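Reading through the structure tokens given below for one structure.
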Amino acid sequence: MFSEKDLQELIQINAPEQVLSVYLNTEPSKGNADAYRLRLRTMLKNITLTEDAAAIERFFNQDYDWNGRSVALFSCTAQKFFRAFPLAIPVHDQVYVGDHPFVKELTRLLDTYGGYGVVIVDKQGARFFSFHLGKLTEQDGYLGEPVKHVKRGGASSFPGRRGGVAGRTQKTEELVDRNRKDIVESTINFFEENRVRRILIGGTEENIVSFRSQLPKAWQSLVDGTLSISMNAPHDEVLQHALEIGMRAEQEREARMVSQLITSAAKGQNAVMGVSAILSALHDGRIHTLVLAEGYQSPGHTCPSCHYMTVQESDTCPKCSHTLHPTNDVIEPAVSKTLRMGGEVEVVMTNPELVRGGGVGALLRY
């Protein structure tokens, strides 16, 4: 499964030879294996990197099991480099040729569907799930002592109370509290072992509120949403809830970021909008977070020697005096360079405010 480690490997590749990147949608609704291969051949027919195109076709003919909903492939035969990543999330068909792998789409998927921990809780135990790029994996949970309730109207053993609280005793409350502390401890261990950076909590409203309140504040801050769901919910139901809530939480987070970006840029407070401004900030090493609308591209020129990028009409690189090469898109190399320099990239799926602001901007380090 594609991971942050795989992304880091890809962005470090800056080959003197060109790299062929291919994304192919293999959803069942798009046809069968023969239909996928036909689409792939159509995508590759004008590609001049014939050995790389042949390597990718060979993968689909011999190695791919067609079980995923899409696949991302990267080939540079001159460097003996080939990677294939089956994905559980569908992507648009894309082909890209450049001196580095095309990673913008994978960055978007990691932003939206990467690194989730899902925990479903009740008064006795918890179920733990790892949710990453559309794939949900259930792991060992926690089961404490059974919680038994007395009949309604039973007397409470809480000192100083008459009649008690229906269905509750001091022993019951102590057992629930002990279970909850053990559940929280087990959950934190699960989060740490799986390097969780976003959290979804499921259960009844009462159990969610109680559990969340006992999490350390550092973990509370990572909660992206909650699921009203039974402890015994089947795998497919948990997955569907996780997909929906994860998408909604990501859109809300993106909206806040775009609003912050546009406001800060208008005030001149460590933010810029527009492709010229972000390229200038990138060359100075100032970008903390590059924010761009999904599908945004901009033609320009790049330097094959020092990798300078510009949207200005020019024949010569102002940095090293080499001849600049025209390109259909300077955004993809800008994404790769941002990641290589330790910055972050946010690909925003649907946000008219960002589109009206030019489609691309950046939050700056200084």
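The values are calculated or read from the model by the stated rules, or taken from the named source; none is laboratory data. Small disclaimer: the values here were computed from a predicted structure and weren't measured. Because the Cβ atoms are built from the backbone with ideal geometry, glycine has one as well, and the counts that use them run over all protein chains shown. Just so you know, the surface numbers come from the protein's heavy atoms only, side chains and all, with ligands and any DNA or RNA stripped out. Shrake-Rupley method; radii C 1.70, N 1.55, O 1.52, S 1.80 Å.
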**OP:** Can you tell me which residue among Gly68, Gly115, Gly125 is closer than 30 Å to Phe211 by Cα and under 23 Å from the mean Cα position of the chain (by Cα)?
**Re:** Gly115
**OP:** Return a yes/no flag: does the stretch 227-239 have any residue that is open to solvent by 40 Å² or more (accessible area, probe 1.4 Å) and touching a helix residue (DSSP H, G or I) at 6+ places or on another chain (Cβ under 6 Å).
**Re:** no
Original post:
Within the bounds of the stretch 14-23, is there any residue that is among the hydrophobic types (A, V, I, L, M, F, W, C), more than 20 Å from Val345 (Cβ to Cβ) and modelled with pLDDT under 90?
Top reply: yes
**OP:** Grab the helices (runs of 4 or more DSSP H) fully contained in the stretch 251-360, keeping just those with 2 or more residues being over 22 Å from Glu105 (Cα atoms).
**Re:** 275-283
**OP:** Quick one: in the stretch 81-109, of everything that is more than 17 Å from Ser336 (Cβ to Cβ) and under 16 Å from the mean Cα position of the chain (by Cα), which residue is most open to solvent (accessible area, probe 1.4 Å)?
**Re:** Pro86
**OP:** Could you grab me the full set of residues in the stretch 1-54 that are in contact with a Pro (Cβ under 7 Å, 6 or more places away or on another chain) and either surrounded by fewer than 15 Cβ atoms within 10 Å (Cβ to Cβ) or assigned to a loop (DSSP other than H, G, I, E, B) (or both)?
**Re:** Ile13, Glu27
Subject >> The lone exception for Gly295 - which of (1) within 23 Å of the chain's Cα centre (by Cα); (2) open to solvent by 40 Å² or more (accessible area, probe 1.4 Å); (3) touching a residue at least 12 places away in the same chain (Cβ under 8 Å) it fails >> reply: (3)
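Kindly establish whether Gly274 is in contact with a Gly (Cβ under 6 Å, 6 or more places away or on another chain), surrounded by 13 or more Cβ atoms within 10 Å (Cβ to Cβ) and under 30 Å from Glu332 (Cβ atoms).
It is true that Gly274 is in contact with a Gly (Cβ under 6 Å, 6 or more places away or on another chain), surrounded by 13 or more Cβ atoms within 10 Å (Cβ to Cβ) and under 30 Å from Glu332 (Cβ atoms).
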Original post:
When the stretch 335-366 is examined, which residues are found to be more than 19 Å from the chain's Cα centre (by Cα), of a type in the set (Gly, Ala, Ser) and closer than 16 Å to Arg286 by Cβ?
Top reply: Gly361
Original post:
All but one of (1) without any contact (Cβ under 8 Å) to a residue 40 or more places away in the chain; (2) in contact with an Asp or Glu (Cβ under 7 Å, 6 or more places away or on another chain) hold for Val348; which doesn't?
Top reply: (1)
**OP:** Return yes or no: is Thr169 at pLDDT 80 or above, out of contact with any Leu (no Cβ under 7 Å at 6 or more places or on another chain) and either open to solvent by 20 Å² or more (accessible area, probe 1.4 Å) or within 22 Å of Val223 (Cβ to Cβ) (or both)?
**Re:** no
Original post:
If only one of Asp99, Asp93 is at pLDDT 90 or above, more than 18 Å from Ala249 (Cα to Cα) and among the acidic types (Asp, Glu), which one is it?
Top reply: Asp93
Subject >> Qualifying residue in the stretch 300-313 (condition: at pLDDT below 95, surrounded by 13 or more Cβ atoms within 10 Å (Cβ to Cβ) and farther than 23 Å from Ile13 by Cα) >> reply: yes
Subject >> Set Ile262, Ile331, Ile245: member being closer than 18 Å to Leu354 by Cα and open to solvent by less than 40 Å² (accessible area, probe 1.4 Å) >> reply: Ile331
**OP:** Might you let me know whether the stretch 340-349 holds any residue that is more than 14 Å from Gly98 (Cα to Cα), open to solvent by 40 Å² or more (accessible area, probe 1.4 Å) and touching a Cys at 6+ places or on another chain (Cβ under 8 Å)?
**Re:** no
Subject >> the stretch 55-87 - residue that is in a loop (DSSP other than H, G, I, E, B) and without any contact (Cβ under 8 Å) to a residue 60 or more places away in the chain and, of those, farthest from Tyr36 (Cα to Cα) >> reply: Lys80
